[in-house]
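A.B. asks: Supplied in structure tokens, the structure appears directly below.
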Amino acid sequence: MRDRGETDQSIVATNPAHVIIEPVHYEWLPNILPTTSIPSNDTMDPYNKQKSPLRPLLVAAAAVFGLLFVAYKLFNSESPAVTVNKAIVILNGNSPVTGTVTFEQTSPDGPVKVTGEILGLSPNALRGFHVHQSGDLSGGCNTAGAHFNPYGKTHGAPADANRHVGDLGNIESNGSGEASFVFTDKLISLNGPISIIGRSVVVHAGTDDLGRGDNEESLRTGNAGARAACGVIGLA
């Protein structure tokens, strides 16, 4: 049996308040933990990588190409073509002849329907009826130019292969000097490079011989005579 003194020493030795904790040495940890190198901030930041000297040149070239492409699109873009389906002419001049003529075309490559009502003509007569080159009527019908002839051919009848585009033959009046007509023509057009829009229609004072007159003037004008009335072909 322990005496009182031994019991007190044991209590003092085991009392946590009086335990002296020796410092722990961790020299052994590096031997059991893997060594891992931690990358620096410079290597983790992609923006701090060394830049290629070609990068500014590539960026500048791309910018220039983009500007050129935009400029090309702006200045070379083609607007969609507008199809003209109808045109009209109001005829008058230094004669009693007056009238209205309409042109209708359902498709750019299709035939043109020509409808007209003309008054003041000689009774029961044939009168030359043509599309002329110019719409300039500043000097009356005389400044309308020659027959519209973009292919450089000689004068002829509407059904002839060799004819001016503007050769529409004759219109025929009744006993009252009135002409009412409807016909189609496959050569004139309201669209494309040979459009008659902005040109003029001329009604002549004489009969068109359709190029059969066996003379030089017949191959130019059909000997249709003076210009009785005219008008500019405009959009309807």
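A.B. asks: Quick check on the stretch 181-198. Is at least one of its residues buried (at least 20 other Cβ atoms within 10 Å of the Cβ), at pLDDT 95 or above, more than 35 Å from the chain's Cα centre (by Cα) and at negative phi?
C.D. replies: Looking for residues that are buried (at least 20 other Cβ atoms within 10 Å of the Cβ), at pLDDT 95 or above, more than 35 Å from the chain's Cα centre (by Cα) and at negative phi, one finds none in the stretch 181-198, hence no.
A.B. asks: Please determine whether any residue of the stretch 155-170 is touching a residue at least 60 places away in the same chain (Cβ under 8 Å) and out of contact with any Ser or Thr (no Cβ under 6 Å at 6 or more places or on another chain).
C.D. replies: The answer is yes, given that some residue of the stretch 155-170 is touching a residue at least 60 places away in the same chain (Cβ under 8 Å) and out of contact with any Ser or Thr (no Cβ under 6 Å at 6 or more places or on another chain).
A.B. asks: Scan the stretch 207-236 for residues that are assigned to a loop (DSSP other than H, G, I, E, B), of a type in the set (G, A, S) and either within 13 Å of G166 (Cβ to Cβ) or at pLDDT 95 or above (or both) and report the count.
C.D. replies: 6
A.B. asks: Separate question: Name the one entry in G128, G175, G152 that is crowded, with 17+ Cβ neighbours inside 10 Å and either farther than 15 Å from F103 by Cβ or at pLDDT 95 or above (or both).
C.D. replies: Step by step, each of G128, G175, G152 is checked, and only G128 is crowded, with 17+ Cβ neighbours inside 10 Å and either farther than 15 Å from F103 by Cβ or at pLDDT 95 or above (or both).
A.B. asks: Let me ask you something else. Please pick out the residue among R212, R163, R127, R220 that is basic (K, R) and in contact with a Leu (Cβ under 7 Å, 6 or more places away or on another chain).
C.D. replies: One residue alone meets the criteria, R127.
A.B. asks: Having 2 or more residues that are more than 17 Å from A226 (Cα to Cα) and polar (S, T, N, Q) is the bar; report the strands (runs of 3 or more DSSP E) wholly within the stretch 89-206 that clear it.
C.D. replies: Strands (runs of 3 or more DSSP E) meeting the threshold: 98-104, 179-185.
The values are calculated or read from the model by the stated rules, or taken from the named source; none is laboratory data. Treat the numbers as computed from the prediction; the structure is a model and nothing was measured. Here the Cβ is made from the backbone with ideal geometry for all residues, glycine too, and neighbour counts use every protein chain on show.
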